[in-house]
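A short write-up of the structure that comes next.
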Amino acid sequence: MNILPASYLSYLTGKPPAVVETVKPILQQSAADQLHGVRVRLLPHDEVQAVVDELIPFGEILESVD
């Protein structure tokens, strides 16, 4: 398992289990490469999508509402 940066751990703190389950693997992927950050899209009906985004610096998370 990858060690997550403090910013990623902080993001996960207090999130519902379903969000953590969705986002954490992408945070781990980002931490493994240490090249890019993560974009988290908040979708209708309390759904979430996360992707590694080459436009975001490693260690940062950008939330957007789609």
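Run the accessible area of the chain with a 1.4 Å probe and give the carbon-and-sulfur part as a rounded percent.
54 percent
Place a +1 charge on the Cβ of each Lys and Arg in the chain and a -1 charge on the Cβ of each Asp and Glu, then give the dipole magnitude about the Cα centre in debye, rounded to the nearest 20.
For the chain, the charge dipole is close to 180 debye.
What number comes out for the charge environment of Gln29, summing +1 per Lys or Arg and -1 per Asp or Glu over other residues with Cβ under 15 Å away?
Summing Lys and Arg as +1 and Asp and Glu as -1 gives -3.
Restricting to DSSP H runs of at least four residues, report the calculated mean residue ellipticity at 222 nm for the chain, -39500 (n - 2.57) per run over all residues, nearest 500 deg cm²/dmol.
-11500 deg cm²/dmol
What area, in nm² and to one decimal, does the C-alpha convex hull of the chain cast on average over all directions?
Taking the Cα atoms of the chain, their convex hull projects to 4.1 nm² on average.
Which of the chymotrypsin sites (Phe, Trp or Tyr not before Pro) found in the chain are in a DSSP loop and have at most 16 neighbouring Cβ atoms, other than their own, within 10 Å?
Answer by residue number: Phe58.
To the nearest 10 degrees, how steep is helix 17-33 against the longest Cα principal axis of the chain, on a 0 to 90 scale?
On a 0 to 90 degree scale, this one is about 20.
The values are calculated or read from the model by the stated rules, or taken from the named source; none is laboratory data. Since the structure is predicted, the reported quantities are computational estimates derived from the model, not experimental observations. Cβ atoms come from the backbone with ideal geometry, glycine included; neighbour counts cover every protein chain shown. What goes into the accessible areas is simple: the full protein's heavy atoms, side chains included, and nothing from ligands, DNA or RNA. Shrake-Rupley method; radii C 1.70, N 1.55, O 1.52, S 1.80 Å.
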